[in-house]
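A quick write-up on the structure given underneath.
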Amino acid sequence: MSESVPGAAVPVIRRPRSVSGEIGAYLEQLIATELTPGDKLPTERELAERLAVSRTSVREALHALERRRVVDRRPGRGTIVLPPDARAQDLAELMDDVADGRRERADVAELRLVIEPRIAGLAAARATDTDLAQLERILTDSHAGLSPDESLALDRDFHVQLATASGNPLLVTLCDLVSGWTADVRRRSHATRAGRRSSVEGHRAILAAVAVHDAGAAEAAMTRHLQDVAQLVEPAADPTARGDR
């Protein structure tokens, strides 16, 4: 077990929504990009000093990550990064075996329409301040002026983070797998400025509903978003012929 003092740039903690939510989002990103299972986070006091926040806010953020099974906290041992949920890993392997070589575009599009609106509804019901801060950061970085690859990467991040907000690690795995299966098709929807703008607008509507914990509105916004994407990637449409680039 190693103790890691993260080297990423210290974030500017935004106060309006929730300090603990911002801290949780920062720590979750740090864990995803720099740490490995078994690493130990700095102490509450060290984090509070590093981020210039109260220990109470740090403690609330760590409790939220513990409830999500991202970290484990025990007296005398500190805060340890946990490995991914074993059930989620099993699901990923099973789905890859079953679907390999037999994924039809229409089947995956139908799967998205079945599961992603429900994921959005669950996220609206269960999202924590940390989840909302993560989603807001992704949306802040998203805009029509990005390259297609940059826009696609943030699109994937938004949908996976929304699944994370549902609190169900199996849905996170499923959403991540579907994102991989549809990458080539979804890249077409990000090939033009108009497509990238549509993606951001769809995500903004979804987040607005999630932020006020309106499950019905979140499900409806996700359904509209997926329908818009389907129109953008119609086989008959030639994305290179669009005038708005």
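Computed with a 1.4 Å probe over protein heavy atoms only, the accessible surface of segment 127-190 comes to 34 Å² per residue. Checking every one of the GluC sites (Glu not before Pro) in segment 26-85 against DSSP loop status and a limit of 14 other Cβ atoms within 10 Å picks out Glu34. Using only the alpha-carbon atoms of segment 119-245 as identical scatterers, what base-10 log of I(q)/I(0) does the Debye formula give at q = 0.11, 0.18 Å⁻¹? Once normalised to I(0) and log-transformed, intensities are -0.35, -0.92.
The values are calculated or read from the model by the stated rules, or taken from the named source; none is laboratory data. All values derive from a computational prediction rather than experimental measurement. Every residue, glycine among them, receives a Cβ derived from its backbone with ideal geometry; neighbour counts consider all protein chains shown. Surface accessibility is based on the protein's heavy atoms, side chains included, excluding ligands, DNA and RNA. Shrake-Rupley method; radii C 1.70, N 1.55, O 1.52, S 1.80 Å.
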